[in-house]
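Each remark here refers to the structure printed beneath this line.
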Amino acid sequence: IISDFENGFYAMVEMFSIGLIPALVDLTEENTDRTPILPNSNKQTTILYLLFEGYLEEVEAQLARISIICSKFTGMDIGSERSEEYWVKRHDSAFRYKERFIDRPSSEWPRDGDFGTSAYPHVAIPASRILEYKSKSYEILSKANIGVKEYSSWTKPELFSMMLVNMNLTSTSMEGFLEAVDELLILAQDLGGSMEYVHGVGSSLPHLVARELGVGMELLKQAKATMDPNNLMNPGNLGM
């Protein structure tokens, strides 16, 4: 555990800068009562999950260097219990998706409104601007009365995610909620990054694709028209 996201992020950046790249790395700041508290700290505690693979001697060397780096940035090892729990439950969201969609006929799928109170933006931004993005995102979300259940940086420092919850919980607030999410995605673009690094941009964010690709959008349209003149392949995806 580390005193705050900023220190955890600096530790993560230093690891990667010297070529020390764990098999799994997940820096997570959660708004939960389960988050352990560092002694002599009143800051929001952040958890840095790390997994290593390789020869025993290699893993031991990585652990030794990681301990030095994390200690430098207020980190403290709390043992393997939380990491083991994380590892066991890492596929739970996929299992829930399978239960709600894959195992059911489309007529029984949850309605769109069932998902209207949360969002999970995943953006890719130069590592040097991640903390700036987090700070500006907080300002945007506070004005819109949107809560953040989790901030996280997965896999590498350039990848940043947030789990958002609409605190207003009214039908009239949904438009403002979606506008705030779009504002976060546009901010990622303006900071030299991409609005999405995981999920289907073409079907979920087509209204922002042209803004991100610029002149590349016209090249895609020309290529699409050449290969698919009758527009049979995924019509409407990517805003084309």
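The values are calculated or read from the model by the stated rules, or taken from the named source; none is laboratory data. Keep in mind the model is a prediction, meaning the values are calculated, not measured. Glycine gets a Cβ as well: all are built from the backbone with ideal geometry, and neighbour counts include every protein chain shown. Areas reflect the complete protein model, heavy atoms only, side chains present, ligands, DNA and RNA absent. Shrake-Rupley method; radii C 1.70, N 1.55, O 1.52, S 1.80 Å.
Quick look at the values:
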quantity	calculated
Net length gained if the chain between Ser203 and Ser107 were fully extended (0.36 nm per residue, minus Cα distance)	32.5 nm
Those aspartates and glutamates that a straight Cα-Cα span of less than 13 Å connects to Lys143, excepting residues fewer than 8 apart in one chain	Glu179, Glu183
Sum of side-chain charges, Ile21 neighbourhood, beta-carbon under 15 Å (Lys, Arg +1; Asp, Glu -1)	-3
Inter-label distance, nm, simple model (7 Å from Cα along the C-beta direction), Ile68/Ile18	0.5
Portion, in percent, of the accessible area of the range 49-91 that falls on carbon or sulfur, probe 1.4 Å	57
The chain - Debye-derived log10 I(q)/I(0), Cα point model, q = 0.08, 0.14 Å⁻¹	-0.39, -1.08
Angle between the chain longest axis and helix 130-143 axis [Cα atoms, degrees, rounded to 10]	60
Additional length obtainable on full extension of the chain from Lys98 to Glu60, 0.36 nm per residue less Cα span	9.9 nm
GNM flexibility winner over the chain from Val198, Val148, Val25 (Cα, springs under 10 Å)	Val198
Reachable lysines from Lys149, criterion Cα separation under 17 angstrom, eight or more residues apart if same chain	Lys43, Lys134, Lys136
Shape box of the range 134-240 [Cα atoms, principal axes, largest first, Å]	46, 36, 21
Nearest-0.05 FRET efficiency for Met174 and Ile140, computed from C-beta distance (R0 22 Å)	0.85
Gaussian network model of the chain, Cα within-10 Å springs - most flexible of Glu183, Glu150, Glu139	Glu139
Gaussian network model of the chain, springs between alpha carbon atoms under 10 Å - residue of Ser142, Ser106, Ser118 with greatest fluctuation	Ser106
Where the range 193-240 is the region considered: accessible area per residue in Å², 1.4 Å probe	65
